[in-house]
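Below is one structure, written out as structure tokens, with a few remarks after it.
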Amino acid sequence: MAALSAGRTAVRGLLRAPRGLCRPLSASAALQQIPRVKSENAKSESTFQVTMLPGDGVGPELMHAVKEVFKAASVPVVFDEHHLSEVQNMASEEKLDQVVDSMKESKVALIGKIHTPMEYKGELASYDMRLRRKLDLFANVVHVKSLPGYKTRHNNLDLVIIREQTEGEYSSLEHESAKGVIECLKIITRAKSQRIAKFAFDYATKKGRSKVTAVHKANIMKLGDGLFLQCCEEVAELYPKIKFDTMIIDNCCMQLVQNPYQFDVLVMPNLYGNIIDNLAAGLVGGAGVVPGESYSAEYAVFEMGARHPFAQAVGRNIANPTAMLLSAANMLRHLKYVLWVRTRDLGGYCTTSDFVKSVIDNLHPHYGA
């Protein structure tokens, strides 16, 4: 475990970084969440194997940033890298099975956004969705936290969005019932609604959070969202110390913009969570600064909280690697960091490579010299 201790010490050194023109991200308790895995591919007993999917857009560039920082910090991680992309013609059942096999061994993954093309090519479910279903990654968690030193319209935000992501509107059950008439089925089940509700209340209990808000549209979708809401209410009765309330999705969007401080933990079905994740990320600086994670009973996947490929930034060296670095460092829980380096999305002038170099320079001042 000596290598792991060295890696943690090196990353903690970011906290003592000197100020300069491009000042680095600081973080603590890096990599504490990555589970130890025994693997034939691992270099030693103290080496972690992590499945990596670079994804599309700036994903490969952000993964390169992660590798550079891990290398500089001597973090004992071996990445089992796979390329799964529909838009780059690197997607097939065989490749999907290879990723699943890797996950069965490593139990943990770092993934970039796998872009889903809009064109229908005979398969409704995207490879991203199929992967999450195969691994039963039912709970997506996005911790939206303000960056100290970076002012937005609302500062000092700290809320958690928990999303059921294996059913709902993303069930991929569509058909043309008559010419020009498309039916798209939304699936809500008691079992999965109860499971995500329990996950949210367990999360709130473990993290010392005081309130859970169930977000729904049961006033219109009385049966589907009505069942989801009923399950949340039933589970809430088992957690009397956690305050519980409900809010209709459209009002929730407005309230998040007007007064986001009223929220603590929010739990919701698939589509609503997808929208709210991105809205909330915009409150603290955008897709480049919010990490996320997805869970099944067996696996953990770390990714950007707002899934955006940022294709227009590919090759331009302007992408903000903060979210991916935070996700890679497995720091969503108990996260405390200060962002000194500012990429263009935060009103700064640092490039992606400036950012990564700044972090590495403060790990090892003479690295690469």
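Do we have any residue at all in segment 144-160 that's outside any loop (DSSP other than H, G, I, E, B), modelled with pLDDT under 90 and in contact with a helix residue (DSSP H, G or I) (Cβ under 7 Å, 6 or more places away or on another chain)? Among the residues of segment 144-160, not one is outside any loop (DSSP other than H, G, I, E, B), modelled with pLDDT under 90 and in contact with a helix residue (DSSP H, G or I) (Cβ under 7 Å, 6 or more places away or on another chain), which makes the answer no.
Among the residues of segment 218-232, those that are closer than 19 Å to Arg195 by Cβ and in contact with a helix residue (DSSP H, G or I) (Cβ under 9 Å, 6 or more places away or on another chain) comprise Ala218, Asp225, Leu227, Phe228, Leu229, Gln230, Cys231, Cys232. How many of the residues in segment 161-180 are among the small types (Gly, Ala, Ser), within 30 Å of Gln194 (Cβ to Cβ) and not in a loop (DSSP other than H, G, I, E, B)? Counting residues in segment 161-180 that are among the small types (Gly, Ala, Ser), within 30 Å of Gln194 (Cβ to Cβ) and not in a loop (DSSP other than H, G, I, E, B) gives 2.
For segment 260-268, the count of residues that are surrounded by fewer than 18 Cβ atoms within 10 Å (Cβ to Cβ) and either among the aliphatic types (A, V, I, L, M) or within 15 Å of Thr189 (Cα to Cα) (or both) is zero. Among residues of segment 236-259 being among the aliphatic types (A, V, I, L, M) and either surrounded by fewer than 19 Cβ atoms within 10 Å (Cβ to Cβ) or over 27 Å from Ala319 (Cα atoms) (or both), the one that is farthest from the chain's Cα centre (by Cα) is Leu238.
Among the residues of segment 215-256, just one is within 15 Å of Leu159 (Cα to Cα) and free of Cβ contacts under 8 Å to residues at least 24 places away in the same chain, namely Gln255.
Scan segment 44-81 for residues that are on the phi > 0 side of the Ramachandran plot and open to solvent by less than 40 Å² (accessible area, probe 1.4 Å) and jot them down. Step through it out loud before you land on a result.
Taking segment 44-81 first, the residues on the phi > 0 side of the Ramachandran plot are 55, 57, 74.
Result: Gly55, Gly57.
Got at least one residue in segment 181-201 being under 24 Å from Leu124 (Cβ atoms) and of a type in the set (S, T, N, Q)? Yes, segment 181-201 contains a residue that is under 24 Å from Leu124 (Cβ atoms) and of a type in the set (S, T, N, Q).
The values are calculated or read from the model by the stated rules, or taken from the named source; none is laboratory data. Keep in mind the model is a prediction, meaning the values are calculated, not measured. A quick note on method: Cβ atoms are made from the backbone with ideal geometry, for glycine too, and the neighbour counts reach across all protein chains shown. Ligands, DNA and RNA are excluded from the accessible area calculation, which covers all protein heavy atoms including side chains. Shrake-Rupley method; radii C 1.70, N 1.55, O 1.52, S 1.80 Å.
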